[in-house]
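Colleague: Pasting in a structure now, in structure tokens, and then I'll have a few things to ask.
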Amino acid sequence: MSAPYPPPYPPPYPHLLAPLDLGFTTLANRVLMGSMHTGLEDGRKHFAAMAAFYAERARGGVGLIVTGGFAPNIEGWAKPFAGTLATHAAARRHRQVTDAVHAEGGKIALQILHTGRYGYQPLCVAPSRLKSPISPFTPRELTARGIERQIRAFVRCAALAREAGYDGVEVMGSEGYFINQFLVTHTNQRTDAWGGPYECRMRLAVEVVRRVREAVGPDFIVVYRLSMLDLIPDGSSWAEAVQLAKAVVNAGATILNTGIGWHEARVPTIATSVPRGAFAWVTKKMRDELRAAGIGVPLVTSNRINTPDVGERILADGCADLVSLARPLLADAEFVAKARAGRADDINTCIACNQACLDHTFRNQLATCLVNPRAAQETVLVVRPAAQRRRYAVVGAGPAGLAAATTLAERGHEVHLFEGAGEIGGQFNMARRIPGKEEFAETLRYFDRRLQATGVQLRLNTRATPEALVAGGYDAVLLATGVSPRDPQIPGEDLPHVLSYVDVLRHDAPVGERVAIVGAGGIGFDVAEFLVTPAGHSPTLDLKAWMAEWGVADPAQVRGGVVRPQPAPPARRVTLLQRKSGKLGRGLGKTTGWIHRAALQMKQVEMIGGVNYERITPEGLVVSYGDKRQDGQLIACDTVVLCAGQEPLRELQAPLAAASVAVHLVGGAHEAAELDAKRAIAQGTALAAAL
């Protein structure tokens, strides 16, 4: 860890870094670490790692940490044997976590998460016997006595959290989980005292908060996460959300947190294509309602707040009293400390890619972070000062090379980084041009700062040769030379209207109005998105355009806050093709693939699988299907773009090895399957930490 940052004068971010007096306790600032399920919650063997993970964030200055969700009983499990707090023995185990956080001067609350019909397990329960679209299990409908048992489980969990040393709890009442399922007729079709009129449907939420407050006493933080924008048809109306907010505050909630969208909603809420601070207006709307009613409860706004500047602006505009940062604190545990020291440029910004956090969670893997592979791996991936200073050459300043070079230099080694281009970044320089992936530029900004801070000797516009590397006398050479486009060997691919994805994204080659894209992996989807979006009109950079594109509306005007999408017309007619049969984009991110497919469908991109590429002619691309290759079909187009995969660039490996130079391959040079920045940065960091 770096040394503490001295505060500058005058202090930056006066709203973000202001303390918040809750009456019985004071938060050091307005940054709440939002709940993230990392997988560390789900086993006793992970408690030491969880303690280290949260302690590092507390040391970084977060005002209040909220843990990943813990079920109050087995019926509330997210999956079999998921994290649960239901016994005194479990509470004692949690002491390891709370003691570690308190030792760093932090505060921490445990999130009580009952998944209801979202539970991926056969014991799940719900207000009505209605299966969710994200779980194969049909829930058991609770009786009135069963509902009382669930309430008592919430209360017991909260009392045990206090016993375990937590400073508070967050009652998860949003995102379509158990409590949220009682609130809307979409999932609550009961006719007893827990269904029917809204006063009855909201009864569960109010009873949970009231009884939790009675159990934990007045000097314990109770956060209620309220769904302010369901983003599903027949979701809560705005009047209902306001009514519930007032009721849970009266029942004893200390803080109201903002929940956006159910998990089954068909609107992205936290992906990189969502504008920064896209939902702060919803929290402001609620805050204004409550202030007008004389209710001064602090409100937290959430989703896509990834820089101190965004957080400061939101608070200064009166949208909220706190901002929730979840994944940004995966990306950089020292986010708050760096902001306080006036070193915001040194923050490793979350790019909301989901690749190592949510995608891992939904694959039952431990979560981490693409731009910070140490996240949730603090006890495994340890970067220590080197015992002996050595000289290393790193060839290639893409993500893998940047991670390796800066980690080596951070450990005290002398590092020379060679890059043939005139700028760092490699494939990221193409990725950041894709509409919705503008955030990738933040990672390059961060690495540029790290190169300067760690003293890496960067040599741009320099193609490293075997002779120069051998003459350099390096202890080892790390080849992060990346990839080159694979040649699909289609007859006619040498025609002038045939381009590679590099021609399009890096060299701005002219592209016609009708385009056929060969290859529907991640690059093919990116190129399609690039070509159908008018230049300079990315909805990610325009909140109003993004809301129209995805059908997000004011919940005061339409129940649930969702209407029919109104996307802008496509800039080109694009056909996306792949050799494999079946759904295109199957290899895209677990939690973001549907977003990319939906975005292209809205732009009228035709997606065709199971094709053979026969030949390219001046008129277009000729394809066939199955074994009947003689029956070719012409896909008329003005331009054909080849996105048929990549091959590793390793031409330096053999001559260096022949000269007895120690050589290590990282990133695309090691494995070219797709363009996997997550793997590249993790490999580069881990190798540099081990050398």
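Colleague: Please work out which one of (1) within 38 Å of the chain's Cα centre (by Cα); (2) outside any helix (DSSP H, G or I) is the condition Arg597 fails and give its number.
Modeller: Here Arg597 meets the rest and fails (2).
Per-residue answers, yes or no, for (1) within 20 Å of Leu478 (Cα to Cα); (2) in a helix (DSSP H, G or I); (3) modelled with pLDDT of 95 or more:
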| residue | (1), (2), (3) |
| --- | --- |
| Thr368 | no, no, yes |
| Arg384 | yes, no, yes |
| Gly401 | yes, yes, yes |
| Leu417 | yes, no, yes |
| Gly420 | yes, no, yes |
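Colleague: Hey, another quick one. Is it the case, given these coordinates, that Asn372 is in a loop (DSSP other than H, G, I, E, B), open to solvent by 20 Å² or more (accessible area, probe 1.4 Å), among the polar types (S, T, N, Q) and closer than 25 Å to Glu419 by Cα?
Modeller: It is true that Asn372 is in a loop (DSSP other than H, G, I, E, B), open to solvent by 20 Å² or more (accessible area, probe 1.4 Å), among the polar types (S, T, N, Q) and closer than 25 Å to Glu419 by Cα.
Colleague: Going residue by residue through the stretch 495-512, is there one that turns out to be of a type in the set (Lys, Arg), open to solvent by 20 Å² or more (accessible area, probe 1.4 Å) and in a loop (DSSP other than H, G, I, E, B)? Write out each step before concluding.
Modeller: Let us first name the residues in the stretch 495-512 that are of a type in the set (Lys, Arg), namely 506.
Those still in the list that are open to solvent by 20 Å² or more (accessible area, probe 1.4 Å) too: 506.
Checking the rest, the ones that are also in a loop (DSSP other than H, G, I, E, B) come to 506.
Taking every residue of the stretch 495-512 in turn, at least one turns out to be of a type in the set (Lys, Arg), open to solvent by 20 Å² or more (accessible area, probe 1.4 Å) and in a loop (DSSP other than H, G, I, E, B).
Colleague: Of the conditions (1) in contact (Cβ under 8 Å) with a residue 40 or more places away in the chain; (2) assigned to a loop (DSSP other than H, G, I, E, B); (3) closer than 23 Å to Ala344 by Cα, Gly425 satisfies every one except a single condition; which number is it?
Modeller: (1)
Colleague: Please work out if Ala239 is out of contact with any helix residue (DSSP H, G or I) (no Cβ under 8 Å at 6 or more places or on another chain) and open to solvent by 20 Å² or more (accessible area, probe 1.4 Å).
Modeller: Values: out of contact with any helix residue (DSSP H, G or I) (no Cβ under 8 Å at 6 or more places or on another chain): yes; open to solvent by 20 Å² or more (accessible area, probe 1.4 Å): yes.
When the stated conditions are applied, Ala239 passes them.
Colleague: Another question about this same structure. Output yes when any residue across the stretch 242-255 is crowded, with 22+ Cβ neighbours inside 10 Å and closer than 23 Å to Cys124 by Cβ, and no when none is.
Modeller: No, that holds for no residue.
Colleague: If you scan the stretch 601-654, which residues turn out to be open to solvent by less than 30 Å² (accessible area, probe 1.4 Å), more than 21 Å from Asp503 (Cβ to Cβ) and part of a loop (DSSP other than H, G, I, E, B)?
Modeller: Those that are open to solvent by less than 30 Å² (accessible area, probe 1.4 Å), more than 21 Å from Asp503 (Cβ to Cβ) and part of a loop (DSSP other than H, G, I, E, B): Lys603, Gly609, Gly610, Leu652.
Colleague: Here is a list: Ala405, Ala409. Which entry is closer than 16 Å to Ala669 by Cβ and either of a type in the set (A, V, I, L, M, F, W, C) or assigned to a loop (DSSP other than H, G, I, E, B) (or both)?
Modeller: Result of the check over Ala405, Ala409: Ala405.
Colleague: Could you identify the single residue in Lys580, Lys590 that is of a type outside the set (Phe, Trp, Tyr), in contact with a Lys or Arg (Cβ under 7 Å, 6 or more places away or on another chain) and open to solvent by 30 Å² or more (accessible area, probe 1.4 Å)?
Modeller: On inspection, the qualifying residue turns out to be Lys590.
Colleague: State whether the residues of the stretch 536-546 include one that is open to solvent by 20 Å² or more (accessible area, probe 1.4 Å), within 26 Å of Arg586 (Cβ to Cβ) and either in contact with a strand residue (DSSP E or B) (Cβ under 7 Å, 6 or more places away or on another chain) or modelled with pLDDT of 95 or more (or both).
Modeller: Among the residues of the stretch 536-546, not one is open to solvent by 20 Å² or more (accessible area, probe 1.4 Å), within 26 Å of Arg586 (Cβ to Cβ) and either in contact with a strand residue (DSSP E or B) (Cβ under 7 Å, 6 or more places away or on another chain) or modelled with pLDDT of 95 or more (or both), which makes the answer no.
Colleague: Okay, moving on. Go through the stretch 62-89 and give me each residue that's touching a strand residue (DSSP E or B) at 6+ places or on another chain (Cβ under 7 Å) and either assigned to a helix (DSSP H, G or I) or acidic (Asp, Glu) (or both).
Modeller: Residues satisfying the conditions are Ile74, Glu75.
Colleague: Can you find even one residue in the stretch 321-332 that is over 16 Å from the mean Cα position of the chain (by Cα), part of a loop (DSSP other than H, G, I, E, B) and in contact (Cβ under 8 Å) with a residue 24 or more places away in the chain? Steps first, answer last, please.
Modeller: Narrowing the stretch 321-332 to residues over 16 Å from the mean Cα position of the chain (by Cα): 321-323.
Retained after the next criterion (residues that are part of a loop (DSSP other than H, G, I, E, B)): 321.
The next check asks that each one be in contact (Cβ under 8 Å) with a residue 24 or more places away in the chain; those that pass are 321.
Yes, that holds for at least one residue.
The values are calculated or read from the model by the stated rules, or taken from the named source; none is laboratory data. Keep in mind it's a predicted model, so treat the numbers as computed, not measured. Reconstructed Cβ throughout: ideal geometry from the backbone, glycine too, with neighbour counts over all protein chains shown. Surface areas here come from the heavy atoms of the whole protein model, side chains and all, with no ligands, DNA or RNA. Shrake-Rupley method; radii C 1.70, N 1.55, O 1.52, S 1.80 Å.
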